[in-house]
Structure formats: structure tokens, C-alpha cells
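The values are calculated or read from the model by the stated rules, or taken from the named source; none is laboratory data. In this text, all values refer to a predicted model and were calculated from it rather than measured experimentally. We place every Cβ from the backbone using ideal geometry, glycine too, and count neighbours over all the protein chains shown.
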């Protein structure tokens, strides 16, 4: 097993120098009363190399614009990304997709690793009308528990005794 690991390390020395990416926040939940607005995302280069970063929305690209879409970061540097959304919707709607952040090393190695992350983004248009308050889920859980208890107790009372 040691021989296989040594062979892999000698054949692919750039495995140790894999690219990295950090972003915060790790999830974007936007509740908007109108159909347009913006938010920010911070992207950081945690690696020891200069990297090229590309940021894009996986879906709804006509509704979600990212500025800048491509940039270069030195080791340890960070960049603020603006995410501008325009849902063009007059009614209540929910848009769910991911923001992809891909890092590519700028080194001249023969075998390069790219790394990336996906940040879930949810845009709820229409304010609080589509989002249930926390106590709503408690009431629903209580009703389900009471209903299941009544069903179980009724079933237990109907024990049939078979004649001998």
C-alpha cells in the first residue's frame, strides 16, 4: 500500500497543491417585499497560490446577476461579490437555485485541480406571505400527534376475542 501511495505522489506532485475557496455566508435566504434588490457574498482565497475565481448562478440567470463574475485573488485575499436580483414578478414567488464559486490555480503545473462550492440561494418575493411562522409548525405537529394517538387508542379498544 505504501508503494502505491509513493507512486501516486511522484506521478502527481501537484495533488498537494490543490486549489481552495471559502465563501460567506454559506446560505442566502432573501425575503423581498418587492421584485428587485441586492445582497453581498464574500469570497476568500485560503490557498497559498494566486487563483482565478468564477461566480455564476446555476439557474435563473436572467433574474440573478453577479458582479464581478470573474476575478483574481492573491493568497489569503478576499473579494465582495454583489448579487443583484430582479424577479420581474408582480405576484408572490419563490426562486431557489445555487450560486457556484469555482477556483482555478494560476500556476503552470501540468496537472491542475479546480475546486468549487455551491451556495444555496432562496429568493422569496411577496414578503412574509409565503413563509410560515415558527409556531405554525408546532401546531401542525401537535395535531398530527393527537390524531395518531386517538387512532392508536381506538384501534387498541377494538381487540377481537375469538371464540373457542
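List of remarks:
- Looking across the stretch 5-26, the residues that are modelled with pLDDT of 70 or more and not in a strand (DSSP E or B) come down to 20, 21, 25, 26.
- Among the candidates 60, 95, 53, residue that is buried (at least 17 other Cβ atoms within 10 Å of the Cβ), under 17 Å from residue 119 (Cβ atoms) and at pLDDT below 90: 95
- Among (1) out of contact with any helix residue (DSSP H, G or I) (no Cβ under 8 Å at 6 or more places or on another chain); (2) at pLDDT 80 or above - the single one residue 124 does not satisfy: (1)
Table: residues versus (1) at pLDDT below 80; (2) in contact with a strand residue (DSSP E or B) (Cβ under 6 Å, 6 or more places away or on another chain).
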{"site": "89", "(1), (2)": "yes, yes"}
{"site": "109", "(1), (2)": "yes, no"}
{"site": "139", "(1), (2)": "no, no"}
{"site": "143", "(1), (2)": "no, no"}
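- Options 81, 72: the member that is closer than 17 Å to residue 22 by Cβ, surrounded by 15 or more Cβ atoms within 10 Å (Cβ to Cβ) and at pLDDT 85 or above: 81
- Selection of the stretch 27-55 for residues being in a strand (DSSP E or B) and closer than 17 Å to residue 101 by Cα yields 28, 39, 40, 41, 42, 43, 44, 51, 52, 53, 54, 55.
- Selection count where residues are part of a strand (DSSP E or B) and over 15 Å from residue 98 (Cβ atoms), scope the stretch 58-76: 6
- Residues located in the stretch 27-50, provided they are in contact with a helix residue (DSSP H, G or I) (Cβ under 7 Å, 6 or more places away or on another chain) and at pLDDT 80 or above: 31, 49
- Residues of the stretch 145-164 satisfying the condition of being modelled with pLDDT under 75 and either in contact with a helix residue (DSSP H, G or I) (Cβ under 9 Å, 6 or more places away or on another chain) or surrounded by 10 or more Cβ atoms within 10 Å (Cβ to Cβ) (or both): none
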